[in-house]
Amino acid sequence: MHDLATPLSAVSLHLEAADRRIRRGADASESLAIARAEITRAFDLFDRGRELLLFEPSREEPVAFDELVSSVLAGSGAEEAKLQGKTGGFVRGDRQALAAALGAILANALETSPASAVSVAVDRGAGGLEVRVENPGRLPEGDPDGLFSPRVAAPGKTWGMGLSRARVLCAMAGGTIRLEQAGERVAATMRIPEARS
């Protein structure tokens, strides 16, 4: 916590300095810029420690993959988005964590597209069971993995923790999430290793 206190103390000091400068009619932009940089540093430290602070021991169990995807889809309010495919397989992990990860991916698609334009499909992929969520749109040029960074939000949104958290939760089950451009659609694929009976 000491590492987090350092930038927060700096923010406080620089905001007080900016306040004094403003009352004197002086330029406070340097103090405000430093405070802004220290806030960013504090957020970065928090993001790195957040999962450790909030970590709960995993309730690892066999999870019926198709059932998990169906239940998340049913609870998303996306009645028009129908589930395509069937795996009949199981994964091993914390059911709530996997549901939260998939829920964040689905919410991300529904924030930018009507439910009727979102497709959800399950399949057996190389190395595991996959769920692929597609919606109309374009990934940013360059580094689409940057969308998994904390505080990267869709236009009009303010927090931007969904995909970042989804990636961490999926990784707890040994899985991955990747984004790709599929023609005029954005595809988010969550892959979890299949549990062997």
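The values are calculated or read from the model by the stated rules, or taken from the named source; none is laboratory data. As the structure is a computational prediction, the values presented were derived from the model and not from experiment. So basically every Cβ, Gly included, is an ideal-geometry build from the backbone, and we count neighbours across all protein chains shown.
Scanning the stretch 108-135 for residues that are small (Gly, Ala, Ser) and surrounded by fewer than 18 Cβ atoms within 10 Å (Cβ to Cβ) gives 115, 116, 117, 119, 121, 125, 126, 127. Of 91, 63, all but one fail to be touching a Pro at 6+ places or on another chain (Cβ under 8 Å), at pLDDT 85 or above and not in a helix (DSSP H, G or I); the exception is 91. I want to confirm something. Restricting to the stretch 141-156 and keeping residues that are in contact with a helix residue (DSSP H, G or I) (Cβ under 7 Å, 6 or more places away or on another chain), not charged (D, E, K, R) and not in a helix (DSSP H, G or I), which single residue is modelled with the highest pLDDT? Step by step, filter the stretch 141-156, then rank; the result is 149. Consider the stretch 64-81 and keep the residues that are more than 17 Å from residue 96 (Cβ to Cβ) and touching a strand residue (DSSP E or B) at 6+ places or on another chain (Cβ under 7 Å). The one that is surrounded by the fewest Cβ atoms within 10 Å (Cβ to Cβ) is 66.
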